[in-house]
1. For the range 16-66, what are the residues that are part of a helix (DSSP H, G or I), within 20 Å of the chain's Cα centre (by Cα) and at pLDDT below 95?
2. Out of the residues in the range 13-38 meeting the condition of being closer than 13 Å to P2 by Cα and in contact with a Lys or Arg (Cβ under 9 Å, 6 or more places away or on another chain), tell me which one is surrounded by the most Cβ atoms within 10 Å (Cβ to Cβ).
3. Find all pairs meeting these conditions: Cβ atoms under 6 angstrom apart; at least six residues apart or on different chains; first residue within the range 1-20 and within 15 Å of P48 (Cα to Cα); second residue open to solvent by 40 Å² or more (accessible area, probe 1.4 Å) and of a type in the set (K, R).
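The values are calculated or read from the model by the stated rules, or taken from the named source; none is laboratory data. Keep in mind the model is a prediction, meaning the values are calculated, not measured. When we count neighbours, we look across all protein chains shown, and the Cβ atoms used for this are built from the backbone with ideal geometry, even at glycine. To get the accessible areas, we keep the full protein, side chains included, count just its heavy atoms, and leave off ligands, DNA and RNA. Shrake-Rupley method; radii C 1.70, N 1.55, O 1.52, S 1.80 Å.
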Amino acid sequence: MPIIQVTLVQGRDEEKVQRFIRAVARVAHAELDAPMSAIRVMVNEVPPQRFAVGDVLKSDAEEVKA
């Protein structure tokens, strides 16, 4: 049973995230020959102030863009 966990920074449109989940499940089904009923996809969303690349928080990077 494939268990796929994805971590994203919060802020994406809900429909987009749901389409992504379905697409990931379809790829696992097609490439791993796993039955859809056995595939688990979990998306964990992290607030931008809790995600960093090096010492630059994603929330800091967004402030620089603005």
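1. K58, S59, A61, E62
2. Ranking the qualifying residues of the range 13-38, first place goes to A25.
3. From the range 1-20, the pairs are V9/K58.
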